[in-house]
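The structure appears right after this line, and notes come after that.
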Amino acid sequence: MKARVSPAFLRLWIGNTASGLATWALPFVLGFAVVDGRLTATDLGIALAARTIGFLAAVPIAGVLSDRHGPRPIILASGLVAAVATPFIVAGLFGPDAWAPWLLRAGAFAAGMGQGACRPAYQAIIPKLVCDDLLQPANAAMSISVRVTSIIGPAVFSLVALSAGTRAALFAIGLLWLASALVPQRIMVTDKTRIARRKSTLFEICREFAEGAREARRHPWFVAGLAALTVTIATGYSVTSVLLPEISQDSYGGATLLTATATAYMAGALVGALLLTGWRPADRGWVALAGLSLYGLVPFSLLLADNMVLPIAAYFVAGIGIEIFNVPWFTSIQNEIPKDRLSRVSSLDFLFSYGLAPAGLAIMTPLANVMGRDWVLMGTGAVCLLTPAAAMLVPTVRRFSGPASLS
């Protein structure tokens, strides 16, 4: 087993782990600032919105530049941008009142840009360091790092914030982004003449991103899988994120259910990622979409939230399912998409799956007020179960592989 873990991949894994922990930690630490009275809930919401806008703005640009110059320079630049954002966020919390809100928003926007830019680059660099036969275990290892940081992150940053203060916790996030920027191994770019001839105008960037979109459309399995993933996140994830705190309060008078289900989901995802290090299903597309559909159990379980065992079990199973989807999905993209367009197609994946989530979050509360909470839970549960099933009917989805169309 040791022979399979190259130093280059280990460095990449450390960098990805650092970026994942930093991404997760920022809203958590800003939440401590609300508790401390340095930040209002409204300002927190605006800052997180600025971070999301920065993320969505950077993802397509990073996809183009990563295909042009190679993913390693983009990982470096994204980590440095996010690290530089940290002093602005600190100044927004501890600086002069007149400038503080704008510094906080600028820092959050820059942090979001760093987070968004590194995602397609990290996906595209894996095939440059790992042979095709080991792509799935490598993607599983990357997912494990995300899940482990999600589990240990609350304890680590709670300890830092409580013992050293919010300022120290924010600077720790900055150090994590520096690690993400500097630790992964450098990779030589071979075709420098072709890169030099390309212009960096907005028109050229849009044109090259459109090339990536056309490449994505040539693969029916990718379009169907991305549609299923986007619908699941925009409906199922959104409804549980918005309604679960209210259900937890109504049923248990606090955050007991919220904490228990979050822990169960992360534990299930860790189990799923570990499972995929060795299991390679032949019909990986169908298996992946079946795993994705398991999230539909979560909204239905919340209808019976008075029995805590049911939501906990549903979240645990959904966590396993999301990794049964994620690992083959990322591996298939890396296998099937031409290497010179891989970052742009990966950026489409993140842009749609993450980009529509805020829209789902925004409409869930008004929808629940109009239709009733139970009807929204049943509707979203049905959508999450049926959408992946519909995607299975698309040609080439069975194995997330097949001849690309000429369109």
Using 7 Å Cα-to-Cβ label points, what is the GLN249/ALA213 separation (nm, one decimal)?
4.0
Average accessible area per residue (Å²) across the chain - probe 1.4 Å, nucleic acids and ligands excluded:
44
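Rounded to a whole number, what % of the accessible area of region 202-342 do carbon and sulfur atoms account for, probe 1.4 Å? Intermediate results must be reported in sequence, preceding the final value.
Values: 3630 of 5310 Å².
Carbon plus sulfur share of accessible area: 68 percent.
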So how strong a dipole does the chain carry about its Cα centre when Lys and Arg Cβ are +1 and Asp and Glu Cβ are -1, to the nearest 20 debye?
1480
What are the ³J(HN,Hα) couplings of region 263-272, residue after residue, when phi is run through the Karplus curve with 6.51, -1.76, 1.60 and θ = phi - 60°? Round to Hz, x for glycine and proline.
5, 5, 5, 5, 5, x, 5, 5, 4, x
In region 363-407, what percent of the accessible surface is made up of carbon and sulfur (1.4 Å probe, ligands and nucleic acids excluded)?
72
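Taking the Cα centre of region 298-407 as origin, sum charge times position over the Cβ atoms of Lys and Arg (+1) and Asp and Glu (-1), and report the length of that vector in debye to the nearest 20.
Value, rounded to 20: 300 debye.
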For region 70-220, rounded, prolate or oblate, judged on the Cα gyration tensor with a ≥ b ≥ c (square roots of eigenvalues), a/c < 1.5 rounded, else prolate if a/b > b/c?
oblate
Simple spin-label estimate for THR42 and TRP279 in nanometres, 7 Å along Cα-Cβ:
5.0
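The values are calculated or read from the model by the stated rules, or taken from the named source; none is laboratory data. Model, not experiment: these values are computed from the prediction. Because the Cβ atoms are built from the backbone with ideal geometry, glycine has one as well, and the counts that use them run over all protein chains shown. In case anyone asks, the SASA skips ligands and DNA or RNA and just uses the protein heavy atoms, side chains included. Shrake-Rupley method; radii C 1.70, N 1.55, O 1.52, S 1.80 Å.
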